[in-house]
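Notes follow once the structure below has been shown.
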Amino acid sequence: MIHRSGFVSIVGRPNAGKSTLTNALVGQKVAITSDRPQTTRRTIRGILTREDAQIILVDTPGLHRPRTLLGERLNEEVRETWSSVDVIGLCLPANEEIGPGDKFIAKQIIALRRTPIVVIVTKADTVSRALLAEHLHQVGELAAELDGTWASIVPVSAFSGENITTLADEFAALLPDGPMLYPDGEVTDEPLEIAVAELIREAVLEGVSDELPHSIAVVIDEMGLREGRPDDRPLTDIRALLYVERDSQKAIVIGKGGSRLKYVGTTARGGIEKLLGTKVFLEIHVKVAKDWQRDPKQLRRLGF
């Protein structure tokens, strides 16, 4: 049997379903999800290992019109990723019209020429079959409009699992022959501290006002097993720093009497314990880093 391996970049505008799709393909959660645009800020690799192929899925931040230095750096990261992968998966949600942002991204990846493009019509379960058929027709016309070609067009639902295996088959067929690049059983190469920080940020994003998501950053200050614990009852101590840009935002995150921060800690701790396989003592401190999205020094300190 021929074995294939390589990298597939999942791209699209913000909130097109890229992270949810990546999780569905891998079969477990490797990327945080939210209905807030620009939830994904780092390039995350999800690893799908099959008997015939190993597909490394690169979930990238959504390409967008940047308003801050952080936005510019995220866009640069996306474009760098495009130039180094074997296949590109372009996400176009079935429940939204193909807009200028979609066409802008499609035009740029078509310009790469050498990289095959699979168009993934995400959220296929949210529309009727008639509307889905019309959307697929529009996707086909988009290639002609932009003087490009699609390797294939696959409608999927990450929620129901519809055509997820078919999409993986399409990716595998387009990858070059090659050995496994990661050990069997590994589902991501994301460092644990980054994964923990992202789970905390995901919990913060639930139910916050529109302006706040872009201003939130989380850094793990300390993480390690507590000494002196019984071998059968390990406990991981985590101290996290949650940054916002203004005092008013700090008050929102903490909530009245600390109620919201307590909810964030409880919600995040459940996901972290599942990730680490131990009980967790989580301590979160909220700090103000004024206009950190526009400050090169602060961006470096926060890992961007």
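The values are calculated or read from the model by the stated rules, or taken from the named source; none is laboratory data. What you see is a predicted model; the values in this text were computed from it and never measured. Cβ: placed from backbone, ideal geometry, glycine included. Neighbour counts: every protein chain shown.
Of the residues in the range 272-304, how many are surrounded by 14 or more Cβ atoms within 10 Å (Cβ to Cβ) and among the acidic types (Asp, Glu)?
2
Answer yes if at least one residue in the range 214-231 is of a type in the set (Ser, Thr, Tyr) and exposed (fewer than 13 other Cβ atoms within 10 Å of the Cβ), and no otherwise. Walk me through it before giving the result.
From the range 214-231, those of a type in the set (Ser, Thr, Tyr) are 215; that's our starting set.
Retained after the next criterion (residues that are exposed (fewer than 13 other Cβ atoms within 10 Å of the Cβ)): none.
Taking every residue of the range 214-231 in turn, none turns out to be of a type in the set (Ser, Thr, Tyr) and exposed (fewer than 13 other Cβ atoms within 10 Å of the Cβ).
Please tell me if GLY207 is surrounded by fewer than 18 Cβ atoms within 10 Å (Cβ to Cβ), modelled with pLDDT of 90 or more and at positive phi. Talk me through it step by step, then tell me what you get.
Values: surrounded by fewer than 18 Cβ atoms within 10 Å (Cβ to Cβ): yes; modelled with pLDDT of 90 or more: no; at positive phi: yes.
The answer is no for GLY207.
Would you mind finding the one in VAL85, VAL58 that is of a type outside the set (Lys, Arg), in contact with a strand residue (DSSP E or B) (Cβ under 7 Å, 6 or more places away or on another chain), under 28 Å from LEU302 (Cβ atoms) and part of a loop (DSSP other than H, G, I, E, B)?
Details: VAL58 fails: part of a loop (DSSP other than H, G, I, E, B).
Step by step, each of VAL85, VAL58 is checked, and only VAL85 is of a type outside the set (Lys, Arg), in contact with a strand residue (DSSP E or B) (Cβ under 7 Å, 6 or more places away or on another chain), under 28 Å from LEU302 (Cβ atoms) and part of a loop (DSSP other than H, G, I, E, B).
Go through the range 147-188 and report how many residues are closer than 19 Å to LEU92 by Cβ and over 22 Å from the mean Cα position of the chain (by Cα).
Total meeting the criteria: 7.
Taking only pairs six or more apart or across chains, which ones have beta-carbon atoms under 6 Å, a first residue in the range 216-236 that is in the same structural domain as ILE254 (by TED's automatic domain parsing), and a second residue that is polar (S, T, N, Q) and buried (at least 17 other Cβ atoms within 10 Å of the Cβ)?
Going by the 6 Å Cβ cut-off, the qualifying pairs are LEU225/THR236.
May I ask you to verify whether THR188 is without any contact (Cβ under 8 Å) to a residue 24 or more places away in the chain and among the polar types (S, T, N, Q)? Quick ask: steps written out before the conclusion?
Details: without any contact (Cβ under 8 Å) to a residue 24 or more places away in the chain: no; among the polar types (S, T, N, Q): yes.
No: the conditions fail for THR188.
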